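> Structure in structure tokens, see below.
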Amino acid sequence: MLTPLSQEEARALLTESRVGRLGCLYKGDPYVVPINYVSDGENIYSHSLPGRKLDSLRANPSACLQVDDIVDVCHWRSAIAFGTYEELTNSKEREWVVRALHARFPRLTPVESVPVHDGQSSVVLFRIRIREVTGVGEK
């Protein structure tokens, strides 16, 4: 039976999850890509190299992130956060995000291992400011 998740349950799922699917618009078409991220319940923080994702978010900062926890076809939860993309330029905030990503993902890929705190990297740190979260599950 499908059951809506409460705001607390949906935000908890968002905070617990490590990988989500970021949705945005690329030249008017939907574009969805998986990302590693951290969330404080109010914001989603991640990183990217230049490319289609950043081009899309810079052109239209409306974005969403969908996450799920699937045990089997009859036992799952899913949440989606809607919000606004912002690039992080403040050095203290960027350092916090890098530390949070390193703490959450100790075996980082080469993209994530670039020293983004030095201002010399092409890696962009960003957040999605959450304005709405919804969720549903089946038990």
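All of the numbers you see were taken from the coordinates with simple rules; none came from a lab. All of these numbers come straight from a predicted model, not from anything done at the bench. As a convention, Cβ positions derive from the backbone with ideal geometry for all residues, glycine included, and neighbour counts pool all protein chains shown.
> Which one, Cys24, Cys64, Ser122, is farthest towards the positive end of the dipole of the chain when Lys and Arg carry +1 and Asp and Glu -1 on their Cβ?
Of the listed residues, the answer is Ser122.
> Packing-wise, with mean Cβ within 10 Å as the measure, how do 36-43, 88-95 rank, highest first?
Most protected by this proxy first, the peptides run 36-43, 88-95.
> Among Val73, Val33, Ser91, which residue has its Cα positioned farthest towards the positive end of the charge dipole of the stretch 2-138, with +1 placed on the Cβ of Lys and Arg, -1 on the Cβ of Asp and Glu, and the dipole taken about the Cα centre?
Of the candidates, Ser91 comes out farthest on the positive side.
> Among Ile35, Ile130, what is the fewest-to-most ranking by other Cβ atoms within 10 Å?
Arranged by neighbour count, lowest to highest, Ile35, Ile130 become Ile35, Ile130.
> Still on this structure, I have one more. Enumerate the aspartates and glutamates that Lys139 could reach by cross-link, defined here as Cα to Cα under 15 Å, with residues fewer than 8 away along the same chain left out.
Partners within reach: Glu9, Asp68, Asp69, Asp72.
> If neighbour count is taken as other Cβ atoms inside 10 Å, put Cys64, Cys74 in order from fewest to most.
Listing Cys64, Cys74 from fewest to most nearby Cβ atoms yields Cys74, Cys64.
> Subtract the Cα-Cα distance of Ile70 and Lys27 from 0.36 nm times their separation in residues, and report this length gain in nm to one decimal.
Extending this stretch completely gives an extra 12.3 nm.
> To the nearest 20 debye, what is the magnitude of the charge dipole of the chain about its Cα centre, counting +1 on the Cβ of each Lys and Arg and -1 on the Cβ of each Asp and Glu?
For the chain, the charge dipole is close to 280 debye.
> To continue, here is another question. Take Tyr85, Tyr26 and order them by how many other Cβ atoms sit within 10 Å, fewest up front.
With the fewest neighbours first, Tyr85, Tyr26 line up as Tyr26, Tyr85.
> Quick check: pseudo-label points 7 Å beyond the Cα along Cα→Cβ at Thr84 and Thr134, how many nm apart are they?
With each label placed 7 Å out from Cα toward Cβ, I get 2.1 nm.
> Explain nothing, just the number: relative contact order of the chain, from Cα pairs under 8 Å at least 6 residues apart, as a whole percent.
Relative contact order for the chain comes out at 34 percent.
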